[in-house]
Amino acid sequence: MAAASPPPSGDPVEHPAERFANGLRALRDSAGSPTYRQMAARTGQSPSALSNAAKGRQLPPLDVALAYVEACRGDRTEWERRWRAEKAELGRAPTPGRRWPVAAAGAVGIALLATVAVLVSRLAHEPPSDAADHSPRFFASDDAFNQRHPRPHLSPESAQMVADLLALGQVELYTGKAGSPIYRATPSTPTYEVTPRKHIGPWGPNPFEGMEFPWDASWKNPPPERQWTVVITPDGSSVECWRTEVHNGRPSCEWGAVSDTRGSSVSIKGQATGSGLSRLAGVITRADWKAGRIDHALSFGTPDNNGQYVFPAVGSDGPEQGRWREGQFIWLDRAYDIDADTSLKPYERMVAKALQEYGAFNVKNAGRFSFTSEYGSKLPGAEGDAYAPLTHIKLAKYLRVGTIDPA
């Protein structure tokens with residue numbers, strides 16, 4: 001077969017950003033041309049960001065592009081592949097609609113090289129940003145929190161168990177100042193030897209034995225009501241500290257656990273939840289909110305745990321009564337058309353979709369039914385900076401309870 005001929009030298013070559021934008025516009029047309037306001041309501045992105053994504057002036061950020069695709073019911077995996085291919089080609093493509101004289105291009109190239117050299121030097125001496133550049137997911141891709149579970153086993157008591165959960169009061173999302181503090185250490189973060197202040201012996205051996213606890217003096221001391229603090233070390237260990245205190249710059253914990261964010265969500269040493277799962281399991285991160293999508297399961301607690309447990313839990317701190325076992329799975333029935341539910345706020349829509357696609361696991365004994373977000377998170381469409389209600393999600397009608405099998 002003859003090789004395809006290159007375009008005539010006089011014909012313009014379509015720029016990657018233009019080509020990607022043309023595809024987005026075609027996808028929107030095929031979806032019935034929803035308005036950008038409708039698309040924004042479905043995804044949590046702003047109408048202007050979605051509109052700009054389809055103009056072709058530059059390749060849109062990946063999270064905006066995937067939100068556009070999701071709003072038009074496109075294939076996220078395929079479109080992420082296309083986005084990455086276009087991004088890889090950008091370095092070889094001219095800016096659309098602009099031609100640089102040769103001399104000017106040479107001068108610009110020299111200036112750019114000098115700028116890049118300065119940036120590389122600066123980045124080598126600066127810690128990475130603690131923003132949405134971090135992966136929204138913790139743990140290995142085959143962990144239960146990162147897998148969809150299309151065939152869970154429905155409990156025969158599901159309806160009553162849901163009623164018991166919802167009888168506890170308003171379902172909330174702990175966020176903003178009420179969220180879980182998660183700090184990410186760098187190789188230059190100072191480290192300290194930590195021995196728990198209490199519970200060694202009755203609760204087991206020191207989980208921090210042989211470890212150095214990273215703590216940066218610039219990190220805010222956790223507020224007293226935030227009982228758990230998580231520090232992720234440069235090698236991926238998750239040091240989970242109960243009732244952190246900092247005196248003269250040195251941290252200490254009352255108790256804690258150590259997990260591996262690159263492996264299983266089950267803690268390696270100590271115990272951070274009654275189920276034996278990491279404190280990070282199911283937390284909604286700032287990166288999740290920025291991406292406009294939660295690509296993992298959530299976690300919750302209930303006061304009705306009965307002392308038994310099921311996969312993925314490895315233990316329970318519940319009393320010997322109640323209907324619930326730690327590790328039990330909840331999900332929203334697929335019959336729930338979340339996109340058509342116009343009552344949902346953007347952050348509620350994200351939570352609802354996560355519950356429908358990935359579900360949530362009961363990981364602890366708790367006073368109320370709620371979900372947790374990373375400390376300092378800003379939720380799309382939420383008011384205030386602490387507890388966000390989930391009153392519009394149709395939990396009473398569509399929430400189900402059951403179990404899943406190990407992979």
Exercise for review: Tell me, yes or no, whether segment 209-223 has at least one residue that is within 23 Å of Phe300 (Cα to Cα) and of a type in the set (A, V, I, L, M).
Suggested key: no
Check your understanding: How many residues does segment 31-72 contain that are modelled with pLDDT of 85 or more, assigned to a helix (DSSP H, G or I) and open to solvent by 60 Å² or more (accessible area, probe 1.4 Å)?
Key -> 1
**Study point:** Which listed residue, of Val266, Val239, is β-branched (Val, Ile, Thr) and either open to solvent by less than 10 Å² (accessible area, probe 1.4 Å) or free of Cβ contacts under 8 Å to residues at least 40 places away in the same chain (or both)
**Key:** Val239
Point to revise | Within segment 300-323, considering residues that are touching a helix residue (DSSP H, G or I) at 6+ places or on another chain (Cβ under 8 Å) and over 13 Å from Met161 (Cβ atoms), the one least open to solvent (accessible area, probe 1.4 Å) | key: Pro312
**Study point:** Among (1) among the aliphatic types (A, V, I, L, M); (2) more than 22 Å from Val363 (Cα to Cα); (3) open to solvent by 50 Å² or more (accessible area, probe 1.4 Å) - the single one Ala167 does not satisfy
**Key:** (2)
**Study point:** Residues that are farther than 18 Å from Ala272 by Cβ and open to solvent by 40 Å² or more (accessible area, probe 1.4 Å), drawn from segment 179-200
**Key:** Pro187, Ser188, Pro190, Thr191, Tyr192, Glu193
Review point. Within the bounds of segment 163-185, is there any residue that is farther than 30 Å from Glu383 by Cβ and either outside any loop (DSSP other than H, G, I, E, B) or under 27 Å from the mean Cα position of the chain (by Cα) (or both)?
Key: yes
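Regarding segment 341-355, can at least one residue be identified that is in contact (Cβ under 8 Å) with a residue 60 or more places away in the chain, touching a strand residue (DSSP E or B) at 6+ places or on another chain (Cβ under 7 Å) and among the hydroxyl-bearing types (Ser, Thr, Tyr)?
Yes, segment 341-355 contains at least one residue that is in contact (Cβ under 8 Å) with a residue 60 or more places away in the chain, touching a strand residue (DSSP E or B) at 6+ places or on another chain (Cβ under 7 Å) and among the hydroxyl-bearing types (Ser, Thr, Tyr).
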Check your understanding: For segment 324-343, which residues satisfy the criterion of being within 16 Å of Leu399 (Cα to Cα) and surrounded by fewer than 23 Cβ atoms within 10 Å (Cβ to Cβ)?
Key -> Asp333, Arg334, Ala335, Tyr336, Asp337, Ile338, Asp341
Exercise for review: Report, by residue number, each residue of segment 252-279 that is within 15 Å of Ala313 (Cβ to Cβ) and in a loop (DSSP other than H, G, I, E, B).
Suggested key: Ser264, Ser265, Ser267, Gln271, Ala272, Thr273, Gly274, Ser275, Gly276, Ser278, Arg279
Check your understanding: What strands (runs of 3 or more DSSP E), lying completely within segment 364-407, carry at least 2 residues that are under 17 Å from Val283 (Cα atoms), open to solvent by 30 Å² or more (accessible area, probe 1.4 Å) and of a type outside the set (Gly, Ala, Ser)?
Key -> 387-389
Exercise for review: Report, ordered by the first and then the second residue, all pairs with beta carbons closer than 7 Å, sequence separation of six or more or different chains, a first member in segment 182-208 that is more than 16 Å from Trp242 (Cβ to Cβ), and a second member that is among the aromatic types (Phe, Trp, Tyr).
Suggested key: Pro190/Trp215; Thr191/Phe213; Tyr192/Phe213; Tyr192/Trp215
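The values are calculated or read from the model by the stated rules, or taken from the named source; none is laboratory data. Just so it is clear, the structure is predicted and the values come from calculations on it, not from any experiment. Note that each Cβ is placed from the backbone with ideal geometry, even for glycine, and that neighbours are counted across all protein chains shown. The protein model used for the area step is the full one, side chains on, heavy atoms only, and it has no ligands, DNA or RNA in it. Shrake-Rupley method; radii C 1.70, N 1.55, O 1.52, S 1.80 Å.
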